[in-house]
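Below you'll find the structure, written out as structure tokens, and then a few comments.
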Amino acid sequence: MRPLERWVEEQAKLTKPDRVYWCDGSEEEARRIIEIGIKEEKICGNPIFAPLNGMTFPNSFYHRSHPTDVARIEHLTYVCHTDKDTAGPNNNWMDPEEAKAKMTKLSDGCMKGRTMYVLPYMMGHPDSPYSKACVQLTDISYVAISMRIMTRMTKKVLDKIGNNKDFVRGLHSVGDFDPKKRFIMHFPNEHFVWSIGSGYGGNALLGKKCFSLRIASYLGQQEEWLAEHMVIVGAQDPSGDTTYIAAALPSACGKTNLAMMESVLPGYKIWTVGDDIAWMNVGPDGRLWAINPETGFFGVAPGTSMKTNPNMMKTLTKGTFYPTLFTNTALDTDKNEPWWEGSDGAIPKKLTDWQGNKWDPTKGTKAAHPNSRFTVSAYQCPTLSPLFENPKGVPISAILFGGKRMHLNPLIVEGTDWQNNVFLGARMGSETTAAASHKEGIVRRDPMAMLPFCGYNMADYFKHWLNMGKKLVYQPKVFSVNWFRINDKGKYLWPGFGQNARVLKWVIDRVHNRVPAQKTPIGLIPYIKDIDLKGLNIPKEDMEELFRIDHDGWLKEAGDIGDFFKGFGGRMPREMWDELNRMKAEL
Ligand code: SAT
Ligand code: MN
């Protein structure tokens, strides 16, 4: 028996499913699994899938999760390195043996009465030198179908793995959804993720955050590449040239909107390569090459509309043989269509809320869960980049680090050199969102939007970023962005969405050295005249406010950044302290 088969057999012995089913990733199989989700499997008495209106949302299905299972659970997510310091203060840590003992106990018989689906999948194109062959086990159709949308699921992966022992492994069970028995455990040295008690995307689709970020970031450190929480886009300018940009933003801060933005500037077009994860390697030519290891979008539904993201609305309603899933949105009861706050048009007369109750507009509750999501194939996206399937990926000329900050951070700031670039990412903070189960709207440090996803000590991660700069013959330019600054009346100063093309244009102009920039203590900022504001009615004072450097506010921020750095003790690279001290001195 080959190592993979032996491993599957051992897991079945522990979890005791009624059946073991090896998926081949075919269309016919997906249909069959959806049927099972409609007719047989249940959560709290609800079917796993309910078909939606096929005229308006072809091949689409509604899924209602367990009511406690709606977001990532950072406090139950552990990175089990052999020693605590490798995990760092940015991760919960448990000794690997202790973690396995705990999970073995929780997993004993956890799949009884259910089917174990064996999912062979690739992260990245099978022909890519940067892709990885993986296998996940799960006991719920929702995860099997989601993985088929989000990854390249194919039987060929089994041949790729062959007799190899160190394929990427994931063991997932929803258990009985008991939040007290919910854990997401990572074993980076074994390329293994073990997750129980949750069916939610980031906790259960183990190829996504668990492998492609937490474990891959650690692999990247050892193998000299980067696994990042980034969008990848191609920005085509009127000359026909395309500049590839990667952008890190925390969860639920508009990455998906940025990834398929409809530019307001004539002659500019955005091509979508990815909306969540970038694997970036130094190519033989000394440039930074990025691939999106995924093939789908797991995006936040509320706020998505023809106004904010027309290309996503087209993606969601295109209808191909790939199914589309809507999880914890509301339902337009009469039309049998998914609905969420911020949808186009009037609020339907009759709505069923995300928990299955008749929605009462007078109660002030949300009909859709704020973290309700769609899962949809990237192949349905009208702006999908022609290089999406390029095994080498795309060459990155600019990297953006963003956050959600109502105050302080200017619309855009450019780093001055590689060390300063890394500091630009390291100093990021962002307001928390509904994507994880904690209080919303609190500023926390979130370097490179990787705080919840960096699978090892973040001090070592900063060092790794510094080293990567030395390996690059052609370094991308690096910027920090913030679309979310407000005025003293609480109104957003910048319109965002398609208007962000104006900011990207400046990025492209800087990449090609077409415009100068002005030096400030926090980095380089644009001359306002170099930002194309044609057709946008924005008061001059607002533009000035968007770039105002609040010295007192930044000194306080420097204190917070310093406190965060101190948490890493002597492991924090000297260069980051030098950058912070220089910024303070200049302020
Ligand atoms: O659930 S995910 O972690 O994949 C989405 C997100 O929080 O970014
Ligand atoms: Mn994300």
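Do you know which of the residues in the range 76-93 that are of a type in the set (A, V, I, L, M, F, W, C) and surrounded by fewer than 23 Cβ atoms within 10 Å (Cβ to Cβ) is nearest to ligand 2 (Cβ to nearest atom)? Please lay out each step first, then the result.
Going residue by residue through the range 76-93, those that are of a type in the set (A, V, I, L, M, F, W, C) are 76, 79-80, 87, 93.
Checking the rest, the ones that are also surrounded by fewer than 23 Cβ atoms within 10 Å (Cβ to Cβ) come to 76, 93.
Working: Leu76: 18, Trp93: 22 Å.
The extreme case among them is Leu76.
Selection of the range 198-225 for residues being away from ligand 2 (no atom under 14 Å from the Cβ) and touching an Asp or Glu at 6+ places or on another chain (Cβ under 8 Å) yields Ser198, Gly199, Gln221. Residues that are more than 16 Å from Ala378 (Cβ to Cβ), within 16 Å of ligand 2 (Cβ to nearest atom) and buried (at least 19 other Cβ atoms within 10 Å of the Cβ) occur in the range 321-338; there is at least one.
Do you know which residues across the range 166-189 are closer than 21 Å to Asn328 by Cα, small (Gly, Ala, Ser) and crowded, with 24+ Cβ neighbours inside 10 Å? Answer for the range 166-189, where residues must be closer than 21 Å to Asn328 by Cα, small (Gly, Ala, Ser) and crowded, with 24+ Cβ neighbours inside 10 Å: just Ser173. The residues of the range 390-444 that are over 23 Å from Trp577 (Cβ atoms), among the β-branched types (Val, Ile, Thr) and in contact with a helix residue (DSSP H, G or I) (Cβ under 6 Å, 6 or more places away or on another chain) amount to a single one, Ile412. For the range 190-225, the set of residues classified as closer than 20 Å to Thr15 by Cα, hydrophobic (A, V, I, L, M, F, W, C) and either surrounded by 24 or more Cβ atoms within 10 Å (Cβ to Cβ) or touching a Ser or Thr at 6+ places or on another chain (Cβ under 8 Å) (or both) consists of Val193, Trp194, Ile196, Ala204, Leu205, Leu206, listed by residue number. Against the test of being under 25 Å from Phe211 (Cβ atoms), away from ligand 2 (no atom under 16 Å from the Cβ) and over 24 Å from the mean Cα position of the chain (by Cα), the options Lys463, Lys471, Lys489 yield a single qualifying residue, Lys471. Identification of helices (runs of 4 or more DSSP H) wholly contained in the range 91-200 with 1 or more residues that are aliphatic (A, V, I, L, M) and touching a Pro at 6+ places or on another chain (Cβ under 7 Å) yields 141-150, 156-161. Within the range 397-410, the only residue that satisfies the criterion of being in contact with a Leu (Cβ under 7 Å, 6 or more places away or on another chain) and surrounded by fewer than 22 Cβ atoms within 10 Å (Cβ to Cβ) is Pro410. Tell me, please, whether a residue that is surrounded by fewer than 23 Cβ atoms within 10 Å (Cβ to Cβ) and within 16 Å of ligand 1 (Cβ to nearest atom) can be found in the range 120-129. Within the range 120-129 (the criterion being surrounded by fewer than 23 Cβ atoms within 10 Å (Cβ to Cβ) and within 16 Å of ligand 1 (Cβ to nearest atom)), the answer is no, since none of the residues qualifies. Scanning the range 231-258 for residues that are of a type in the set (D, E, K, R) and within 11 Å of ligand 1 (Cβ to nearest atom) yields a count of 1. Scanning the range 248-263 for residues that are more than 11 Å from the chain's Cα centre (by Cα) and either within 13 Å of ligand 2 (Cβ to nearest atom) or not small (Gly, Ala, Ser) (or both) yields Asn257, Leu258, Ala259, Met260, Met261, Glu262.
Can you tell me which residue in the range 284-304 is farthest from the chain's Cα centre (by Cα), limited to those that are assigned to a strand (DSSP E or B) and within 16 Å of ligand 2 (Cβ to nearest atom)? Among those that are assigned to a strand (DSSP E or B) and within 16 Å of ligand 2 (Cβ to nearest atom), it is Ala290. Here Ser480 meets the list (1) farther than 24 Å from Gly559 by Cβ; (2) in contact with an Asp or Glu (Cβ under 9 Å, 6 or more places away or on another chain); (3) more than 16 Å from ligand 1 (Cβ to nearest atom) almost entirely, failing just condition (1).
Give the number of residues within the range 339-391 that are of a type outside the set (Phe, Trp, Tyr), in contact (Cβ under 8 Å) with a residue 60 or more places away in the chain and either away from ligand 2 (no atom under 16 Å from the Cβ) or in a loop (DSSP other than H, G, I, E, B) (or both). Step through it out loud before you land on a result.
So in the range 339-391, the residues of a type outside the set (Phe, Trp, Tyr) come out as 341-353, 355-358, 360-373, 375-378, 380-387, 389-391.
Remaining after also requiring in contact (Cβ under 8 Å) with a residue 60 or more places away in the chain: 355-356, 366, 368-373, 375-378, 380-387, 389-391.
Those left that are additionally either away from ligand 2 (no atom under 16 Å from the Cβ) or in a loop (DSSP other than H, G, I, E, B) (or both): 355-356, 366, 368-372, 377, 380-387, 389-391.
Residues that pass the stated criteria total 20.
Within the range 430-443, residues that are in the same structural domain as Asp560 (by TED's automatic domain parsing) and farther than 9 Å from Ser251 by Cβ reach partners that are away from ligand 1 (no atom under 12 Å from the Cβ) and of a type in the set (Gly, Ala, Ser) with beta carbons closer than 6 Å, at six or more positions or on different chains, in the pairs Ser430/Gly403; Glu431/Gly441; Val443/Gly429.
This table checks each residue for (1) more than 30 Å from Ile277 (Cα to Cα); (2) within 16 Å of ligand 1 (Cβ to nearest atom); (3) not assigned by TED's automatic domain parsing to the domain that holds Thr272.
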{"residue": "Lys318", "(1), (2), (3)": "no, no, yes"}
{"residue": "Pro323", "(1), (2), (3)": "no, no, yes"}
{"residue": "Asn336", "(1), (2), (3)": "yes, no, yes"}
{"residue": "Trp339", "(1), (2), (3)": "no, no, yes"}
{"residue": "Leu351", "(1), (2), (3)": "yes, no, yes"}
{"residue": "His369", "(1), (2), (3)": "no, yes, yes"}
{"residue": "Ser372", "(1), (2), (3)": "no, yes, yes"}
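Okay, residues lined up against (1) of a type outside the set (A, V, I, L, M, F, W, C); (2) outside the structural domain of Pro338 (by TED's automatic domain parsing); (3) buried (at least 21 other Cβ atoms within 10 Å of the Cβ):
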| position | (1), (2), (3) |
| --- | --- |
| Ser26 | yes, yes, no |
| Ala30 | no, yes, yes |
| Ile48 | no, yes, yes |
| Met55 | no, yes, no |
| Ser60 | yes, yes, yes |
| Arg64 | yes, yes, yes |
| Glu74 | yes, yes, no |
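For the range 392-405, does any single residue satisfy the condition of being assigned to a loop (DSSP other than H, G, I, E, B) and of a type in the set (Ser, Thr, Tyr)? Within the range 392-405, not a single residue is assigned to a loop (DSSP other than H, G, I, E, B) and of a type in the set (Ser, Thr, Tyr). Filtering the range 226-256 to residues that are assigned to a loop (DSSP other than H, G, I, E, B) and either crowded, with 21+ Cβ neighbours inside 10 Å or touching a helix residue (DSSP H, G or I) at 6+ places or on another chain (Cβ under 7 Å) (or both) leaves His229, Asp237, Leu249, Pro250, Ser251, Ala252, Cys253, Gly254.
The values are calculated or read from the model by the stated rules, or taken from the named source; none is laboratory data. Since we're looking at a predicted model, the values are computed, not measured. Virtual Cβ from ideal backbone geometry, glycine too; neighbours counted across all protein chains shown.
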